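Novice: Once you've had a glance at the structure underneath, I'll fire off some questions.
The values are calculated or read from the model by the stated rules, or taken from the named source; none is laboratory data. Keep in mind that this is a model prediction, so the values were computed, not measured. Counting neighbours? That spans all protein chains shown, and the Cβs are built from the backbone with ideal geometry, glycine included. The area values use the complete protein model at the heavy-atom level, side chains included, leaving out ligands, DNA and RNA. Shrake-Rupley method; radii C 1.70, N 1.55, O 1.52, S 1.80 Å.
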Amino acid sequence: MFRKNGSNIDGSAVFARLYSGSQAKVTRSTFLENSNFQTFSTLRYYSVGNNILTSLDNNTFALNSTSSVLDFSTSGAKVSNNILWFNSLDNSKAGISYLGSLNQTLRFSYNNFETEVNYGVGNISQDPLFEDINNGDFSLESGSPSIDTGHPDLDQDGETWETDEDDQDSDGTRLDMGSASFNQFENIPPNISL
């Protein structure tokens, strides 16, 4: 969990300067209440070179006070199954920024963004129905539109979640969006408290 980090430069929780041939992957992490003292981002991938592999899968970004939650100045990033909700700066909703025409090579798929993203596949913009945001519980409540709507073939091996355990949550169902999967075989949703 990345919580209550502050910075007056870019990347209040994570700043990664990536050189040719490097890889960066952030998975199943929760980013809460991070802030910038200026107008920068919560997570920033900055590339210096080529052939850089970056991915951001199954993370939750909530209550961050930054102008943009994600900032990419790298091409080829894969961003899947994330929830970006209740992030703002000066009462403006925070979204995603990228350098120039890099959105052509950024792969956004099966995310739940509070601000609409008009490219990619399977992205939604619907309240994720966190269990109890006022008490710091960011697990998904039953009926959340982020349950069973993650990427059906996240590992991109050509085999989808129905027959590939790598593309399933721990309960054997299709991947959820966000950092905590919802166990459909328990009557009590998972509890992620701060």
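Novice: Which order do you get for Met177, Met1 if you rank them by accessible area with a 1.4 Å probe, largest at the top?
Specialist: Of Met177, Met1, the descending order of accessible area is Met1, Met177.
Novice: Which distance in nm do the two modelled labels at Asp155 and Asn8 give, with both placed 7 Å along the Cα-to-Cβ direction?
Specialist: Modelled inter-label distance: 4.6 nm.
Novice: If we count every other residue with Cβ under 11 angstrom of Ser142's Cβ, Lys/Arg +1 and Asp/Glu -1, where does the sum land?
Specialist: Surrounding charge for Ser142 is -3.
Novice: Net charge near Ile124, counting Lys/Arg +1 and Asp/Glu -1 over other residues with Cβ under 15 Å of its Cβ?
Specialist: Overall, the nearby charge balance is -4.
Novice: At 0.36 nm per residue, minus the direct Cα-Cα distance, what do Ser88 and Thr115 gain on full extension? Give it in nm, one decimal, please.
Specialist: So the extension gain works out to 8.7 nm.
Novice: Rolling a 1.4 angstrom probe over the protein chains, ignoring ligands and nucleic acids, what is the accessible area of Glu186 in square angstrom, nearest 10?
Specialist: That residue has around 100 Å² of solvent-accessible surface.
Novice: In the full protein assembly as shown, how much of Thr30 is accessible to a 1.4 Å probe, in Å² to the nearest 10?
Specialist: Surface open to solvent at Thr30 totals about 10 Å².
Novice: Same structure, new question: At 1.4 Å probe size, what's the solvent-accessible area of Arg17? Round to the nearest 10 Å².
Specialist: My reading of the accessible area for Arg17 is about 120 Å².
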